[in-house]
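The values are calculated or read from the model by the stated rules, or taken from the named source; none is laboratory data. The structure displayed is predicted, hence computed values, not measured ones. Cβ placement follows ideal geometry from the backbone for every residue including glycine, while neighbour counts extend to all protein chains displayed. Surface areas here come from the heavy atoms of the whole protein model, side chains and all, with no ligands, DNA or RNA. Shrake-Rupley method; radii C 1.70, N 1.55, O 1.52, S 1.80 Å.
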Amino acid sequence: GALTIKALFSSIKAFTSKHKLGWRVEQIEDIEDKVAELLSQNKVVARVEGREEFGARALGHRSILANPSTWHVVTEINHMIKKRDFWMPFACSILEEYADKYIQNPKKVCADYMIMCFPCTTNAGEITSGTHPQDNTVRAQIVKKDVTPSYHKLISAFQRRSGIGAVLNTSFNLHGFPLVGSPEDALEVFHNSGLQYLAIENFMLSKQEL
(Lines give C-alpha, C1' and ligand atoms only; values in the text may rest on other atoms or scores of the structure.)
Protein backbone atom coordinates (compact mmCIF):
# COMPACT_ATOMS: atom_id res chain seq x y z
CA GLY A 1 0.00 0.00 0.00
CA ALA A 2 0.88 3.71 -0.06
CA LEU A 3 2.18 3.65 3.53
CA THR A 4 4.56 0.82 2.73
CA ILE A 5 5.88 2.65 -0.32
CA LYS A 6 6.24 5.85 1.72
CA ALA A 7 8.12 3.99 4.46
CA LEU A 8 10.40 2.34 1.91
CA PHE A 9 11.16 5.67 0.27
CA SER A 10 11.96 7.14 3.70
CA SER A 11 14.34 4.24 4.40
CA ILE A 12 16.11 4.76 1.08
CA LYS A 13 16.47 8.51 1.62
CA ALA A 14 17.70 7.99 5.19
CA PHE A 15 20.32 5.49 4.01
CA THR A 16 21.58 7.67 1.16
CA SER A 17 21.73 10.71 3.45
CA LYS A 18 23.57 8.82 6.18
CA HIS A 19 26.25 7.61 3.77
CA LYS A 20 26.24 10.79 1.64
CA LEU A 21 25.46 8.85 -1.53
CA GLY A 22 24.52 10.39 -4.84
CA TRP A 23 22.38 7.50 -6.02
CA ARG A 24 19.58 8.18 -8.43
CA VAL A 25 16.24 7.01 -7.00
CA GLU A 26 13.19 6.71 -9.26
CA GLN A 27 9.72 5.40 -8.53
CA ILE A 28 8.61 3.47 -11.61
CA GLU A 29 5.09 2.13 -12.09
CA ASP A 30 6.10 -0.79 -14.32
CA ILE A 31 9.33 -1.75 -12.57
CA GLU A 32 9.40 -5.21 -14.20
CA ASP A 33 9.54 -3.66 -17.65
CA LYS A 34 12.33 -1.30 -16.56
CA VAL A 35 14.39 -4.20 -15.20
CA ALA A 36 13.80 -6.10 -18.44
CA GLU A 37 15.00 -3.08 -20.42
CA LEU A 38 18.23 -2.92 -18.41
CA LEU A 39 18.80 -6.67 -18.75
CA SER A 40 18.35 -6.41 -22.52
CA GLN A 41 21.12 -3.77 -22.45
CA ASN A 42 23.36 -6.33 -20.71
CA LYS A 43 23.15 -4.59 -17.34
CA VAL A 44 23.19 -6.57 -14.10
CA VAL A 45 20.27 -5.77 -11.78
CA ALA A 46 19.61 -6.79 -8.16
CA ARG A 47 15.93 -7.31 -7.37
CA VAL A 48 14.03 -7.21 -4.07
CA GLU A 49 10.27 -7.76 -4.28
CA GLY A 50 7.69 -9.00 -1.84
CA ARG A 51 8.27 -11.14 1.21
CA GLU A 52 11.55 -12.74 2.21
CA GLU A 53 12.35 -16.06 0.59
CA PHE A 54 13.15 -19.24 2.51
CA GLY A 55 14.82 -22.27 0.98
CA ALA A 56 17.86 -23.50 -0.87
CA ARG A 57 17.77 -20.96 -3.72
CA ALA A 58 16.83 -17.38 -4.44
CA LEU A 59 13.82 -17.53 -6.74
CA GLY A 60 13.65 -14.05 -8.21
CA HIS A 61 12.60 -11.98 -5.21
CA ARG A 62 16.03 -11.64 -3.56
CA SER A 63 18.10 -12.18 -6.69
CA ILE A 64 20.77 -10.75 -8.96
CA LEU A 65 19.57 -10.96 -12.56
CA ALA A 66 21.38 -10.76 -15.89
CA ASN A 67 21.14 -11.58 -19.58
CA PRO A 68 22.06 -15.29 -19.75
CA SER A 69 23.30 -15.32 -23.33
CA THR A 70 26.88 -14.13 -22.80
CA TRP A 71 29.49 -15.95 -20.75
CA HIS A 72 31.35 -12.80 -19.72
CA VAL A 73 28.50 -11.82 -17.37
CA VAL A 74 29.66 -14.58 -14.97
CA THR A 75 33.02 -12.83 -14.58
CA GLU A 76 31.26 -9.48 -14.27
CA ILE A 77 28.96 -10.66 -11.45
CA ASN A 78 31.84 -12.38 -9.66
CA HIS A 79 33.84 -9.16 -9.84
CA MET A 80 30.88 -7.08 -8.61
CA ILE A 81 29.75 -9.16 -5.68
CA LYS A 82 29.79 -12.95 -5.72
CA LYS A 83 33.52 -13.81 -5.74
CA ARG A 84 32.58 -17.43 -6.45
CA ASP A 85 35.08 -20.14 -7.29
CA PHE A 86 35.41 -21.07 -10.95
CA TRP A 87 33.70 -24.44 -10.41
CA MET A 88 30.50 -22.94 -8.95
CA PRO A 89 28.10 -22.48 -11.88
CA PHE A 90 25.24 -20.00 -11.99
CA ALA A 91 21.70 -20.99 -12.88
CA CYS A 92 18.67 -19.84 -14.87
CA SER A 93 15.06 -18.91 -14.32
CA ILE A 94 13.13 -20.05 -17.39
CA LEU A 95 9.59 -19.16 -18.36
CA GLU A 96 7.31 -22.20 -18.25
CA GLU A 97 6.28 -21.43 -21.84
CA TYR A 98 9.91 -21.70 -23.01
CA ALA A 99 11.08 -24.63 -20.89
CA ASP A 100 10.96 -27.10 -23.78
CA LYS A 101 13.11 -24.78 -25.84
CA TYR A 102 16.00 -24.94 -23.38
CA ILE A 103 15.75 -28.12 -21.30
CA GLN A 104 15.08 -31.80 -21.87
CA ASN A 105 12.30 -32.75 -19.48
CA PRO A 106 10.20 -35.42 -21.21
CA LYS A 107 8.44 -36.44 -17.96
CA LYS A 108 7.47 -32.82 -17.27
CA VAL A 109 8.98 -32.93 -13.78
CA CYS A 110 7.98 -29.91 -11.69
CA ALA A 111 10.96 -27.60 -11.17
CA ASP A 112 9.75 -24.57 -9.24
CA TYR A 113 12.67 -24.31 -6.84
CA MET A 114 15.94 -24.42 -8.81
CA ILE A 115 17.15 -27.62 -7.18
CA MET A 116 17.08 -29.99 -10.16
CA CYS A 117 19.42 -30.22 -13.12
CA PHE A 118 18.32 -30.94 -16.68
CA PRO A 119 20.22 -31.63 -19.91
CA CYS A 120 20.06 -28.66 -22.24
CA THR A 121 18.70 -28.66 -25.78
CA THR A 122 20.55 -27.34 -28.81
CA ASN A 123 19.33 -23.86 -27.84
CA ALA A 124 21.66 -23.77 -24.83
CA GLY A 125 23.66 -20.94 -26.40
CA GLU A 126 20.88 -18.51 -25.42
CA ILE A 127 21.36 -19.37 -21.72
CA THR A 128 25.07 -20.17 -21.77
CA SER A 129 26.02 -18.28 -18.59
CA GLY A 130 23.40 -20.20 -16.63
CA THR A 131 24.59 -23.65 -17.70
CA HIS A 132 27.33 -25.93 -16.48
CA PRO A 133 30.00 -25.80 -19.18
CA GLN A 134 31.34 -29.30 -18.54
CA ASP A 135 28.19 -31.33 -19.12
CA ASN A 136 25.76 -28.87 -20.77
CA THR A 137 23.20 -29.02 -17.98
CA VAL A 138 21.21 -26.29 -16.28
CA ARG A 139 19.84 -26.08 -12.73
CA ALA A 140 16.57 -24.56 -13.79
CA GLN A 141 13.80 -22.70 -12.04
CA ILE A 142 10.68 -23.01 -14.18
CA VAL A 143 8.75 -19.77 -13.65
CA LYS A 144 4.97 -20.06 -13.74
CA LYS A 145 2.63 -17.10 -14.13
CA ASP A 146 0.24 -18.32 -11.43
CA VAL A 147 3.04 -18.97 -8.91
CA THR A 148 5.26 -15.87 -9.26
CA PRO A 149 3.31 -13.40 -11.45
CA SER A 150 5.61 -10.40 -11.09
CA TYR A 151 8.76 -12.41 -11.86
CA HIS A 152 7.00 -14.07 -14.80
CA LYS A 153 6.03 -10.61 -16.05
CA LEU A 154 9.65 -9.43 -15.80
CA ILE A 155 11.11 -12.36 -17.74
CA SER A 156 8.32 -12.10 -20.32
CA ALA A 157 9.20 -8.43 -20.87
CA PHE A 158 12.85 -9.45 -21.29
CA GLN A 159 11.82 -12.14 -23.78
CA ARG A 160 9.93 -9.62 -25.90
CA ARG A 161 13.04 -7.46 -26.11
CA SER A 162 15.69 -10.16 -26.52
CA GLY A 163 13.95 -13.26 -27.81
CA ILE A 164 15.33 -15.16 -24.78
CA GLY A 165 12.76 -16.72 -22.45
CA ALA A 166 15.06 -16.93 -19.43
CA VAL A 167 17.32 -14.86 -17.18
CA LEU A 168 20.46 -15.63 -15.20
CA ASN A 169 19.47 -15.73 -11.52
CA THR A 170 21.84 -15.86 -8.57
CA SER A 171 21.19 -15.01 -4.93
CA PHE A 172 21.46 -11.40 -3.75
CA ASN A 173 24.13 -11.56 -1.07
CA LEU A 174 27.80 -10.93 -0.49
CA HIS A 175 29.84 -14.10 -0.81
CA GLY A 176 29.79 -16.02 2.46
CA PHE A 177 26.89 -14.00 3.90
CA PRO A 178 23.17 -14.83 4.10
CA LEU A 179 20.62 -13.84 1.49
CA VAL A 180 19.37 -10.27 1.98
CA GLY A 181 16.09 -10.04 3.85
CA SER A 182 14.93 -6.55 4.70
CA PRO A 183 15.17 -3.45 2.48
CA GLU A 184 17.92 -2.23 4.81
CA ASP A 185 19.88 -5.43 4.14
CA ALA A 186 19.49 -4.87 0.41
CA LEU A 187 20.68 -1.26 0.61
CA GLU A 188 23.71 -2.26 2.68
CA VAL A 189 24.76 -5.01 0.26
CA PHE A 190 24.12 -2.76 -2.75
CA HIS A 191 26.31 -0.09 -1.16
CA ASN A 192 29.11 -2.55 -0.35
CA SER A 193 29.24 -4.18 -3.77
CA GLY A 194 30.02 -3.23 -7.34
CA LEU A 195 26.38 -3.57 -8.37
CA GLN A 196 25.09 -0.56 -10.29
CA TYR A 197 21.31 -1.17 -10.26
CA LEU A 198 18.86 -2.22 -7.55
CA ALA A 199 15.13 -2.66 -8.15
CA ILE A 200 13.47 -2.64 -4.73
CA GLU A 201 9.68 -2.94 -4.97
CA ASN A 202 8.85 -0.21 -7.51
CA PHE A 203 11.94 1.93 -6.88
CA MET A 204 14.95 1.80 -9.17
CA LEU A 205 18.23 2.78 -7.54
CA SER A 206 21.20 3.51 -9.72
CA LYS A 207 24.78 4.43 -9.01
CA GLN A 208 24.90 5.92 -12.50
CA GLU A 209 22.52 7.72 -14.83
CA LEU A 210 19.64 5.60 -16.10
Pick from the range 120-142, criterion part of a loop (DSSP other than H, G, I, E, B) and either within 16 Å of Val74 (Cβ to Cβ) or touching a residue at least 24 places away in the same chain (Cβ under 8 Å) (or both), ranking: most open to solvent (accessible area, probe 1.4 Å): Gln134
Within the range 57-109, considering residues that are assigned to a loop (DSSP other than H, G, I, E, B) and among the aliphatic types (A, V, I, L, M), the one nearest to Glu37 (Cα to Cα): Leu59
Hits in the range 49-99 (condition: under 13 Å from the mean Cα position of the chain (by Cα), small (Gly, Ala, Ser) and farther than 21 Å from Ile31 by Cα): Ala91
Hits in the range 187-210 (condition: among the acidic types (Asp, Glu) and either open to solvent by 70 Å² or more (accessible area, probe 1.4 Å) or free of Cβ contacts under 8 Å to residues at least 60 places away in the same chain (or both)): Glu188, Glu209
Looking only at the range 24-48, and only at residues there that are of a type in the set (D, E, K, R) and open to solvent by less than 50 Å² (accessible area, probe 1.4 Å), the one that is nearest to Lys13 (Cα to Cα): Arg47
Some residue of the range 146-153 being open to solvent by 70 Å² or more (accessible area, probe 1.4 Å), among the polar types (S, T, N, Q) and in a loop (DSSP other than H, G, I, E, B): no
Any hit, the range 4-13, residues being touching a strand residue (DSSP E or B) at 6+ places or on another chain (Cβ under 9 Å), in a loop (DSSP other than H, G, I, E, B) and either touching a residue at least 12 places away in the same chain (Cβ under 8 Å) or of a type outside the set (S, T, N, Q) (or both): no
Checklist (1) in a helix (DSSP H, G or I); (2) open to solvent by less than 60 Å² (accessible area, probe 1.4 Å); (3) touching a residue at least 60 places away in the same chain (Cβ under 8 Å) applied to Glu184, failing item: (2)
